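Working notes for the structure below.
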Amino acid sequence: MNLHDSERVSGLLDSCGCLEVETPEEADIVIFMTCCVRENADTRLYGQASAVVSMPPSPSGKRVLAVGGCIAQRDGERVRENIPGVNVVFGTSALASVPALLEEAFASSSRKVLFDVDEGDRPFATELPSHRAQSFHAWVPIMTGCNNFCTYCVVPYVRGRERSRVLERVVAECGQLVDDGVREICLLGQNVNSYGCDLYGKPRFAELLRAVGETGVERIRFTSSNPHDLVDETIAAMAETPAVMPHLHLAVQSGSTKVLRAMNRKYTREQYLDLARRIKDGVPGIALSTDIIVGFPGETEEDFLDTLSLVREVGFSSAYTFIYSKRAGTPAAKIVDPTPHVVIQNRFDRLAALVAELAHDANQADLDGISEILVEGPSKRDPMVLVGHSRKNQTVHFRAPEHLDPQTLVGTICDIHVREARTWYLAGELVGTPR
Ligand code: SF4
């Protein structure tokens, strides 16, 4: 969501005639779009923003420094105390105000700091221009905010309560994107499964998936999906909408019912396992990935073993694993946990080893098969090697044939004969004609 908010701010700056430069030293406007889900993002913001303040003036003689997003929303006035020299502070629902705030900051000769930080519950302004990094891929926000209040999470405090966009508007935007050449759309929300509840009194995510499928887009993905709110209609819509990719990121966070309860996740270990089974039965061949927090306050070795066994039982294709990060203001931050860090680190390492083993095993199933990928660009190491993602969201590498300029393949859908299946990627060769 943060990445997409940045695309919207960037699109607004484009529409005001701003040009992108390579370095902050050259820039008249520097904006930090912040995230506060994890602690080290805070530390980095305050360090990097202070470095911008102490830079020599930009070539035009004046530089405006703005801080937006979740940290701005959470810290408000404190941003000014932590970054003397900041000019503009705007919250998560104030994106549309950014051009006016910047203009005022430029015109002002005083050191006044301009704020636009409210309760974070304004209807979110998504009919804003977007500066997309890739012409063939687009994020489309469908809702923002969250009503779930997991005890470790700061999101409901900085993004406010759930607010959905009108279904017809989301579908119209997707249709326009398809007309513009977009091939893959990722529907975005803090909890997409609750889409529509605030507007229509019932979830309409399944209906939305089917309607977006009708626009002719070739690939649909979505994030984030809370298991508690995922209903059978959504599983059916995934199975019956050909453009929906056979991959689902379904954050479990822990395999222990006791810890899940302490996290306020509103499902048990058994309910999650049952849901995973229903998804696998409903969408054959689907890849499931997840998020897991290790070392939540009060987690015992027994609880952790429950997590390991759940991970093995579901057979996740990949997982984002995190050591619990205390977020001030959340209920979990008040729980004192004497577990030494070394114990938590050891659990984390054991989990990471299991996740790698399962990812490796999952990738073996595709060895010697054909993987359809959307080509995203050259690899960092070799411009002749292209990278894309499979339908199941695996990273896939292949070498561009000698007679083709690799750039002409970016944004195409290619079939790759998989010759190598490693833990974190597949590699192979192009077969047939890119389309
Ligand atoms: S559902 Fe996700 S965004 Fe909402 S409170 Fe829980 S972890 Fe945070």
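Values for this structure:
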| quantity | calculated |
| --- | --- |
| The chain: Cys lacking any partner C-beta under 4.7 angstrom | CYS16, CYS18, CYS35, CYS146, CYS174, CYS186, CYS197, CYS414 |
| Dipole magnitude of the stretch 90-180, debye to nearest 20 (Cβ charges: Lys/Arg +1, Asp/Glu -1, about Cα centre) | 280 |
| Unit charges at the beta carbon, dipole of the chain: most positive-side option, TYR425, ALA276, LEU305 | LEU305 |
| Pairs of alpha carbons in the stretch 273-331 whose separation is greater than 15 Å (percent) | 59 |
| Top positive-direction residue, dipole computed over the chain with Cβ charges, set GLN407, VAL343, PRO59 | VAL343 |
| Value of Rg/Rh across the chain [Cα atoms, Kirkwood radius] | 0.97 |
| Stretch gain in nm, segment VAL166-LEU305, where the contour uses 0.36 nm per residue and the Cα spacing is subtracted | 45.7 nm |
| Label-point separation, LYS334 to GLU357 (7 Å along Cα→Cβ), nm | 4.0 |
| Mean Cβ count within 10 Å, highest first, over the residues of peptides 135-142, 100-107 | 135-142, 100-107 |
| ARG312, ARG122, ARG74 arranged by Cβ crowding within 10 Å, fewest neighbours leading | ARG312, ARG122, ARG74 |
| Given charges at beta-carbon only (K, R positive; D, E negative), |dipole| of the chain in Debye | 900 |
| Ellipsoid semi-axes in whole angstrom, largest first, where each is sqrt(5λ) of the Cα gyration tensor of the stretch 157-202 | 23, 13, 8 |
| Only Lys, Arg (+1) and Asp, Glu (-1) charged, at Cβ; the stretch 209-272 dipole about Cα centre in debye | 460 |
| Distance cut-off 16 Å, percentage of C-alpha pairs in the stretch 370-431 lying past it | 32 |
| Förster radius 56 Å - calculated FRET efficiency between LEU199 and GLU81 (Cβ-Cβ, nearest 0.05) | 0.90 |
| Extension gain, CYS18 back to LEU128 (0.36 nm per residue minus Cα-Cα distance, nm) | 38.0 nm |
| Length gained when the stretch GLU240-PHE149 is fully extended (0.36 nm per residue, less Cα-Cα span) | 29.6 nm |
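Where a number appears in this text, it was derived from the coordinates with a stated rule and is not lab data. Computed from a prediction, not measured in an experiment: that's the story for all the values here. Here the Cβ is made from the backbone with ideal geometry for all residues, glycine too, and neighbour counts use every protein chain on show.
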